[in-house]
Amino acid sequence: MSDTPSARRRDPATAAGLRNDMWLAAGLLLGAILSAALGSVAGVYGTDSAQGMQWGLLYSFGLTAPLALRRRFPEVVAVVVAIVFIVGVSLRIPEIYVGNIALFIAIYTVGAWVDDRRRALYVRVAIIIAMFVWLLITTFQSATAPTEEGLSREGLFSPFVAFMLIQFLVNAAFFGGAYYMGDRAYASALERAALQDRTRELEAEREVTAAQAVALDRVRIARELHDVVAHHVSAMGVQAGAARAVMDRDPDAARAALTGIEQSARSALDELRHLLETLRTPHGDAPNASTVRLAGLPALVEHATENGLPTTLTIVGDEVPLSDVAQVNIYRVAQEALTNARRHGGADASADVRLRYGADAVELEITNTGRSAFPVRPGLGIVGMRERAAASGGTLEAAPRARGGFLVRLRVPRHERVVA
């Protein structure tokens, strides 16, 4: 047992527990009165017992009434019950059962409900020492009393000595049990309180985790929708403008532009359908869901060129295997960078896409000529690219170039190390 006050306090007694203490005190009071009455009739102490039932009533009340407040004032109640018990037994009031129960409960309560463990130790030890001192005094008085009544005192191990040893052993077990059970009750209460706190913390963490999962899903859906819709709608806008410009003087070119718009619309709907199928599947991708890969970069570059942004593709190094997540994220970053270049670079802008396979990482670099805005205000596209880089354990650099245009550089390790 620690000699310092407990750093943690047990939960206070509930209203129901305090009411139960009152019922306990009332029940023990009735039991003590009945025990005193029957003990008087049975002549427990013979003719030496205190005469008159009024003493039995007073003793019964003094023993049990304080227990109604045992959880509010445990130390005071224990001291009062111990004093009343010593006085009552010394006066030989014929009640020998309920008093022991009341004293046990009082000592137990000190151990079970006092948060200051040092004070609980001192109070209980003081009561136990007082009880054994009183027992020694009464034993000495009985041994030296000039009477031949009672148990024989002849011999080294007389019946009287055996009886007194039994008294000492029973009291040692009695007080030791009250002390130990009180400590165990207090420790169990602290363990329950800690378990309840941990349960509440886990519940709060579960709610936060669920909220974070929902938020992450919403971000992922928003990112996918942005990448799919922005790319195709941007291309459709360029093609529609071209069709409007040549509609009167070159119907064939306008027809080709409208065909491109139709193809972009179909591609957008197809990708949205696969995205929705994936979202509706509880675990993983939909059975027939198609996922973009790095193998689709040439087609992406060709699409950008056909929609007004002359783009070149250069692949450096030998191709190395990458995870599906890394391939999708690299492809989407290239797609978003080309979309932004087509939207913001101007009519004469061009782009260059370089994919480098290194020993430990894959690097994607997209540069474009044309206009660049200063300062750059990161929009949803750049935010999405940074999220994709972090999801693949990589880094992203996105900034205007000093000589005009814009630079996007993505570096993804060959073995993913997700840091965010």
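Every number in this text was worked out from the coordinates using simple rules, so none of it is lab data. For clarity, every value in this text was computed on a predicted model and none was experimentally measured. Don't worry about glycine lacking a Cβ; one is built from the backbone with ideal geometry, like all the others, and counts go over all protein chains shown.
Tabulated results
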{"read-out": "Bins of 10 Å, starting at 0 and running to the largest distance - Cα pair percent for the range 294-420", "value": "14, 47, 33, 7"}
{"read-out": "Using a Förster distance of 60 Å, the FRET efficiency for R72-A399 (Cβ separation, nearest 0.05)", "value": "0.30"}
{"read-out": "Length-normalised contact order of the range 294-420 in % [C-alpha pairs under 8 Å, at least 6 apart]", "value": "25 percent"}
{"read-out": "In nm, spacing of pseudo-spin labels at F61 and A211 (7 Å Cα→C-beta vector)", "value": "5.8 nm"}
{"read-out": "Length gained when the stretch R92-R343 is fully extended (0.36 nm per residue, less Cα-Cα span)", "value": "79.9 nm"}
